[in-house]
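First the structure, in the form of structure tokens, and then the observations on it.
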Amino acid sequence: MSLLYNIAISGYGAAIAAAGMFNPKARLFRQGRKGLLEKMAAEVDHSSPIIWFHCSSVGEFEQARPLIEWYKERCRGYRILLTFFSPSGYEMRKNYPLADWIYYMPLDTASNARRFLDIVKPQKAVFIKYEFWYNYLHELRERDIDTYIVSAIFRPGQTFFKPYGSIFREMLRSFTALFVQDTQSKELLETIGIRDNVTVCGDTRFDRVNQITSSSREFPLIEEFSRDSFTILAGSTWGPDEQILAASVKNFSKVKLVIAPHEIHREHIDKICTIFNGYRTVRYSELEKGNAAISPAEANVLIIDCLGILSSIYRYGSFAYIGGGFGVGIHNILEAATYGIPVAFGPNYSKFKEARDLIARRGATSVRSQEEFYALLDKFVKNPQVRAERGKICLDYVKENLGATEKIIGKMENISF
């Protein structure tokens, strides 16, 4: 099985290299790994012990962040090396100040894993949520390096629990400890003989979004736009989400919309402007530069065409719509829920525990069509009390699930809080 895995990894690398001629993300993936191990060998030093954190992308980084910050604030003897698999994660967080080194993760070949660990020599390795890489995990186990997975969540349909999943089960056995989000994950792992090193700790994202609310920046232009209005804050949207929003909001003369798309390249922003033709639309960059044709108060659609502010601006919403649910899956709903506003999203949410939980509690709603979204919006506009009650459900849910970071650190460092 390991031979097949390594053939697949090599094939994946070749496919990415070919795709790089046409696809910007694939090009970044390939270029970011050119000469990477040589660069690391020249830059990484061992004056202090190193903890290696590995994240797939931005969402997983937000789960790692409370742990990284704990180590930097409370246990300063360690230095932090942070790697990303995806270009979007690396490009967005490559200047994160609390990591001592930030790199792409070299492709998971046996030779790369050996050389990477020869260079970094981590004292601990921390993988986030879904990151399972055979050669790295095998080599970490061979070297007897403490290795953890954090905020992991498991479902019955995953390969680990299939008859043909032996190599994936072997990966799980490489971890010193597995910190899982829920009891179901622990019970599933028990069915394949993984018991003694599994702890239900919850999800560190709750701690992270709670941090955001207490330290979020203010945005006077967005405050002016949304002041005294019912404002939908639509985050991480894709095309189908934007079509639904455009078809619905036009029916409410006093409703305003802040839309922060997942992709902010010029072509996509121009397309959003076309979709919202007939609205009084303004781009955030125009307001910041002072060259907008209308003032924030005059506009009814504000397009956020920059990165890095979404988690702080949910505070200006009366109601949040989270994108991705008409594609592969929804984006982060907790960033909105922590501000005590109800959330809605498309139908593809089943892989996300927090979405299932909030739907069960009636703090969140899944919509399958523009008609369903319109009906929900109409309800919230006409019934502020219902909206407030559902928003409180969301906030209470976040508060109930705080504390995963301390549970994990307590186990990793054998300390009590």
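Values in this text are rule-based calculations from the coordinates and carry no lab data. None of these values were measured; they are calculated from a predicted model. Note: ideal-geometry Cβ built from the backbone for every residue, glycine included; neighbour counts use all protein chains shown.
Summary of values
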read-out	value
Cα-based helix-to-principal-axis angle, 2-19 vs the chain, degrees rounded to 10	40
Rel. contact order, % - alpha carbon contacts under 8 angstrom, at least six apart, the chain	12
Fewest-first sequence of D182, D270 by Cβ atoms within 10 Å of each Cβ	D270, D182
Proximal charge balance of V58 [Cβ under 15 Å; K/R count +1, D/E count -1]	+1
Segment 218-400 - Kirkwood radius from inverse mean 1/r over Cα pairs (Å)	16.1
Exposure proxy order (Cβ contacts within 10 Å, fewest to most) of L233, L4, L402	L4, L402, L233
Cα long-axis angle, helix 384-400 against the chain (0 to 90 degrees, to the nearest 10)	10
Using alpha-carbon coordinates, inclination of helix 404-413 to the longest axis of the chain, degrees	10
Ranked list, fewest to most other Cβ atoms within 10 Å of each Cβ, for D203, D100, D118	D118, D100, D203
Relative contact order (%) - segment 218-400, alpha-carbon pairs under 8 angstrom, separation at least six	22
Convex hull of the chain built on C-alpha atoms - directionally averaged projected area, nm²	21.2
Mean Cβ neighbour count within 10 Å, used as a protection proxy, ranking 250-258, 36-44 highest first	250-258, 36-44
Backbone N within segment 308-351 under 18 Å of label point (7 Å from R155 Cα along the Cβ vector)	323-334, 345-351
Linear extension gain, K392 paired with K250, 0.36 nm per residue minus alpha-carbon span	48.4 nm
Segment 312-406 - percent relative contact order, Cα under 8 Å, separation 6 or more	29
